[in-house]
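Visitor: Structure in structure tokens, see below.
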Amino acid sequence: MRSAKLGRKYPELSGIKNAQAKIYENIKLLSPDGILYTRIECIAEFARIHKLHAGHLSSLLLGKGKSLKGWIRIDIV
């Protein structure tokens with residue numbers, strides 16, 4: 001197993017995006033700082049950057065929660 005992973009680079013270091021990641025478009029996610037995000041390409045990467053739990057962020061994006069550590073999903077009418 002180890003020899004199979006030898007030589008592989010981390011995707012974020014090599015500039016390769018996760019091809020299987022779900023892209024969330026047409027959402028409105030407001031950060032505690034007041035920044036509005038309308039597109040998220042990879043939940044895991046977004047959560048890691050903003051120090052959030054990926055599973056909780058996914059629940060927020062699916063509409064199962066209203067807020068997460070000050071992050072608010074704004075519903076589109």
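Nothing in this text is a laboratory measurement; each read-out follows from the coordinates by a stated rule. Every value quoted in this text rests on a predicted model; they were computed, and no experiment measured them. Positions of Cβ are generated from backbone atoms using ideal geometry, with glycine treated the same way; all protein chains shown enter the neighbour counts.
Visitor: Could you give each residue of segment 30-46 its phi-based ³J(HN,Hα) in whole Hz, using Karplus coefficients 6.51, -1.76, 1.60 with θ = phi - 60°, and x for Gly or Pro?
Guide: 9, 7, x, 7, x, 8, 9, 9, 10, 8, 10, 8, 9, 4, 4, 5, 4
Visitor: Another question, if that's okay. At a Förster distance of 22 Å, what's the computed FRET efficiency of S31 paired with K64, Cβ-Cβ distance as r, to 0.05?
Guide: The calculated FRET efficiency here is 0.70.
Visitor: Can you list residues from other chains, or at least 5 along the same chain, whose modelled amide H is less than 5 Å from the amide H of L68?
Guide: Residues meeting the criterion, in which the H sits 1.01 Å from N, do not exist here.
Visitor: Net charge near L36, counting Lys/Arg +1 and Asp/Glu -1 over other residues with Cβ under 12 Å of its Cβ?
Guide: Counting the neighbours of L36, the net charge comes to +2.
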